[in-house]
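All remarks here apply to the structure that follows.
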Amino acid sequence: MPCCMALIALSAPRIAILLVVVFSDYIGTAYETNLAPLLGFFFLPTTTLAYAWAIHSRGSVEGFQLVVVVLAVLIDLGILGGSAHGRRERVKES
């Protein structure tokens, strides 16, 4: 089951956040307020999930957990993976 949740989190992080919030208190215990996860849902969903995982796995964001959170930020910003600029360039070429 955790593997399925990881696949959902990478392919559709907002759906994963909704599932985690509805069926557990995983996100609620990782964040002190409700504002950060709410903003994360709209702006940085992969980072929100990665931070919650880091807090639950170690208690802080250090070492490997820090690498995962930084990669999640890069994914959310579009630096890793497909970006809108790259898609526009491919459309112009065809």
Sole residue being buried (at least 17 other Cβ atoms within 10 Å of the Cβ) and either at pLDDT below 90 or closer than 21 Å to ILE15 by Cα (or both), chosen from VAL73, VAL91, VAL69: VAL69
Would you please name the residue that is least open to solvent (accessible area, probe 1.4 Å), looking only at residues in segment 1-35 that are over 8 Å from the mean Cα position of the chain (by Cα) and closer than 14 Å to VAL68 by Cβ? ALA30
Just to be sure before I move on: is LEU38 modelled with pLDDT of 85 or more and either surrounded by fewer than 16 Cβ atoms within 10 Å (Cβ to Cβ) or more than 12 Å from the chain's Cα centre (by Cα) (or both) in the structure I sent? yes
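The values are calculated or read from the model by the stated rules, or taken from the named source; none is laboratory data. Just so it is clear, the model here is predicted, and its values are computed rather than measured. Cβ atoms come from the backbone with ideal geometry, glycine included; neighbour counts cover every protein chain shown. We work out accessible area using only protein heavy atoms, side chains counted, and drop any ligands, DNA or RNA first. Shrake-Rupley method; radii C 1.70, N 1.55, O 1.52, S 1.80 Å.
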